[in-house]
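A.B. asks: Structure incoming, see below.
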Amino acid sequence: MNWITKMFSSSLGQKLIMALTGLFLCSFLIIHMVGNLQLFKHDAGLAFNKYAVFMTTNPLIKTTSYLLYAAILFHAFKGIALVFQNKKARPVKYQAFDGKANSHWSSRNMGVLGTIILVFVVVHMSNFWAEYKFGHVPYTRYTENIQTGEIQSDYMPADFTMNSKMEEQSEGLMKVTIVKDLFRSVELGFKELWLVALYIIAMAALSFHLYHGFKSAFQTMGLNHKKYNGAINFIGIGVFAILIPIGFAAMPLYFFIK
Amino acid sequence: MSGNMNINLKVWRQKNGKSQGKLVDYKVEGVSPDMSFLEMFDVLNDRLVSEGKDEPIAFDHDCREGICGMCSMYINGRPHGPNQGVTTCQLHMRSFKDGDTIVVEPWRAAAFPVIKDLAVNRSAFDRIIASGGFISVNTGNAQDANSLPIAKDNADEAFAAAACIGCGACVAACKNSSAMLFVSAKVSQLALLPQGDPERNTRVLNMVAQMDTEGFGACTNTGACSAECPKEISLTNIARLNREYFAAQLGSDRS
C-alpha cells in the first residue's frame, strides 16, 4: 500500500480527513453568514440578489463551491462510516453505561447531530440552491435613485426570462437592475412553519456539533497546546456554537414574524 | 458490627469466551465501609465456595495497591467505579450506601475478549507494546547518570505519561473502545526523551498499525478515557500521538 493511502486509511488518518473537511466547512459557515446578513437590509432584497449572482458566477467562488460540495459529502459519508466502524469495536454493549459521568453529551452524539445537519442541508439546498440553479426563479426590477438612495421594486411577470441572471443600466439619476429574485423565494419559503421549525432544530444540532467538533478537529491535528487552547475554545464556543447558529436561526425567524 | 452495609450486586457471569453471559444477582451482607471493592468480592467468593452451589466469580487482581493495572471492573457504568484517579482495588465500600445496587461488568471491547466472568484478555496491549513500545540499547555497563541532558519539563511530562499502568480503563470508558490514550501514553513517554528518538518514526507507525489491527475503535476526542484513567493520563498525549504519527507519515522515509 502506498504511504498516502496507508495514512488516510489508518484510524488517525480517517479522523484527520474529518478534521480537515470539518474545518473547511466551518470556514464556509462564516462566509455564508456574513453574506446572508444582507437579508436583513431594508432594500427589498437588492443587495442579497446581487450577491447571489456574484456567488454563482464568479469563477473562483464557483470552483470553491464544488470543493465545498465534495467536502460536505466526504465529511458526511466518512462520518457515518466511522460511526458504524466504531460500533463494531464494542460488539457486546454495557448493561449500565454512565456516559455523562465522563464526557459531554455532544461528543458522544456527533453522528446523530451530523445526520440532522445532513438532512437539513439536503432540504436547504433543494429549496434554494437547486431552485436557483435549475428551477424557475422570477425576476424583479429595482429602480434605484442614486442621489436619494430610494429603491423601488417591481415584480416582473412570472413568465419573464432573460439570458443572464442580472442586467443593469443607468437612466440619468436612476439605476435600473433586473435580477433573479432569490430574496422573494426566501421570503415566501420562511412563511412555512415546518420549514422554520426544521431550520431551528438543525441550527441547535449545528451548535452542539460544533461545540465539540471545532476543538476536536484541532486535537486530531495534534494541536492541544496551553498557549492556543484558550483561543480555540473561545472561537469554538463563542463563534461556532453560539453566534453562527443563532445568526442562521434568526433569518427564518425574521421572515416568519415579518 | 454497626455501620456495616448490605449491598445488592448484579455481576456479569460468563462461563468462557464462547458462552453467553448474563447478570446474576447477589446479596452481600455485613459489608464494612473500610473494605476495598475487591475485598467485598473476596467475601462473596468465600461464601460461594463454602456454599458449593455456584462457582466463585473470576476477576483480575494482583498488587491491590493501585499500581499494577490488573484489576478491571466496570462498576455502575464506569471503569474502576465512581471515584477519580483510583483503580478498583483502591475503591472502598464507603463510596457506596447501605442498600445500594451495584452493576459490575467486564471491560467491553472486541479487542478485549472475555475469558471468564469479569476477566478479559488484554494481550492486545502487549502486542501493541511489542510492536514498538520499547527502546533498543546495547547491554553492558550502565551509562553515567545525567550524561544525557533532559529538560525538566520534558522529564516531568514523560514521567506523567509513563504512569500509565495499562489497565485498559481508557478502552472500557470510550464509546468506541479506542486505545488511543494507552498508545499515546506509551508513545509519549519515549518521544519526550532522547533515548526514544532514534526509533521514534518506526515506533509510532508500528504501534498505530498494531492498534488498528487489534480492532480498537477510532478516537472521537470525548475525553472519557482521561476522565476515567486511574493514573489521570492527559489528553495532550493523544494530541502528541497524532503529531508524531502525521510527522512520521509526512516527514520520514518510512510508512
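The values are calculated or read from the model by the stated rules, or taken from the named source; none is laboratory data. Worth saying up front: this structure is predicted, and the values here are computed from it rather than measured. For neighbour counting, all protein chains shown are included, and Cβ atoms are generated from backbone atoms with ideal geometry for every residue, glycine included.
A.B. asks: Can you tell me which condition residue B:187 does not meet? The list is (1) surrounded by fewer than 24 Cβ atoms within 10 Å (Cβ to Cβ); (2) closer than 26 Å to residue B:120 by Cα; (3) more than 9 Å from chain A (Cβ to nearest Cβ), and all the others hold.
C.D. replies: (1)
A.B. asks: Among the candidates A:236, A:222, which residue alone is at positive phi and at pLDDT 95 or above?
C.D. replies: Checking each option against the conditions leaves just A:222.
A.B. asks: On the given criteria, is residue B:49 buried (at least 17 other Cβ atoms within 10 Å of the Cβ) and either assigned by TED's automatic domain parsing to the domain that holds residue B:92 or assigned to a loop (DSSP other than H, G, I, E, B) (or both)?
C.D. replies: Spelling it out, it is not the case that residue B:49 is buried (at least 17 other Cβ atoms within 10 Å of the Cβ) and either assigned by TED's automatic domain parsing to the domain that holds residue B:92 or assigned to a loop (DSSP other than H, G, I, E, B) (or both).
A.B. asks: Then there's this: Where residues in region A:236-248 are touching a Phe, Trp or Tyr at 6+ places or on another chain (Cβ under 7 Å) and buried (at least 17 other Cβ atoms within 10 Å of the Cβ), which of them is nearest to the other protein chains (Cβ to nearest Cβ)?
C.D. replies: A:236
A.B. asks: I'd like to check something: does region B:28-48 contain any residue that is closer than 14 Å to residue B:91 by Cα and among the β-branched types (Val, Ile, Thr)?
C.D. replies: Checked region B:28-48: at least one residue is closer than 14 Å to residue B:91 by Cα and among the β-branched types (Val, Ile, Thr).
A.B. asks: Checking residue B:243 against (1) within 8 Å of chain A (Cβ to nearest Cβ); (2) of a type outside the set (Ser, Thr, Tyr); (3) farther than 22 Å from residue A:5 by Cβ, which single condition isn't satisfied?
C.D. replies: Checking residue B:243 against (1) within 8 Å of chain A (Cβ to nearest Cβ); (2) of a type outside the set (Ser, Thr, Tyr); (3) farther than 22 Å from residue A:5 by Cβ, the one that fails is (3).
A.B. asks: Here is a check on your reading of the model: is residue B:227 facing chain A (nearest Cβ under 7 Å) and touching a residue at least 60 places away in the same chain (Cβ under 8 Å)?
C.D. replies: Against the criterion (facing chain A (nearest Cβ under 7 Å) and touching a residue at least 60 places away in the same chain (Cβ under 8 Å)), residue B:227 qualifies.
A.B. asks: Taking only region B:1-15 into account, find how many residues are surrounded by 11 or more Cβ atoms within 10 Å (Cβ to Cβ) and either part of a loop (DSSP other than H, G, I, E, B) or within 14 Å of another protein chain (Cβ to nearest Cβ) (or both).
C.D. replies: Here the count works out to 9.
A.B. asks: Taking interchain pairs and intrachain pairs at least six residues apart, which have beta carbon atoms under 7 angstrom, with the first residue in region A:220-234 and more than 12 Å from every other protein chain (Cβ to nearest Cβ) and the second surrounded by 13 or more Cβ atoms within 10 Å (Cβ to Cβ) and in a helix (DSSP H, G or I)?
C.D. replies: Every condition considered, the pairs that remain are A:233/A:215.
A.B. asks: Assuming residue B:216 fulfils every condition listed in (1) more than 30 Å from residue A:98 (Cβ to Cβ); (2) buried (at least 22 other Cβ atoms within 10 Å of the Cβ) apart from one, which condition is it?
C.D. replies: Of everything listed in (1) more than 30 Å from residue A:98 (Cβ to Cβ); (2) buried (at least 22 other Cβ atoms within 10 Å of the Cβ), residue B:216 misses just condition (1).
A.B. asks: Further question on the same structure: Would you please name the residue that is nearest to residue A:69 (Cα to Cα), looking only at residues in region A:134-145 that are surrounded by fewer than 14 Cβ atoms within 10 Å (Cβ to Cβ) and at pLDDT 90 or above?
C.D. replies: That would be A:134.
A.B. asks: Find the residue count for region B:212-222, including only residues that are facing chain A (nearest Cβ under 7 Å) and under 14 Å from residue B:182 (Cα atoms).
C.D. replies: 6
A.B. asks: Just the residues that are within 30 Å of residue B:10 (Cα to Cα), within 14 Å of another protein chain (Cβ to nearest Cβ) and part of a helix (DSSP H, G or I), please, taken from region B:105-163.
C.D. replies: Once the filter is applied, which keeps residues that are within 30 Å of residue B:10 (Cα to Cα), within 14 Å of another protein chain (Cβ to nearest Cβ) and part of a helix (DSSP H, G or I), region B:105-163 yields only B:124.
A.B. asks: Only one of (1) of a type in the set (Lys, Arg); (2) farther than 29 Å from residue A:140 by Cβ; (3) assigned by TED's automatic domain parsing to the domain that holds residue A:194 fails for residue A:100. Which number is that?
C.D. replies: Every condition holds for residue A:100 apart from (3).
A.B. asks: Evaluate region A:34-51: report whether one residue or more is modelled with pLDDT of 95 or more, closer than 25 Å to residue B:247 by Cα and part of a helix (DSSP H, G or I).
C.D. replies: No, there is no match, as no residue in region A:34-51 is modelled with pLDDT of 95 or more, closer than 25 Å to residue B:247 by Cα and part of a helix (DSSP H, G or I).
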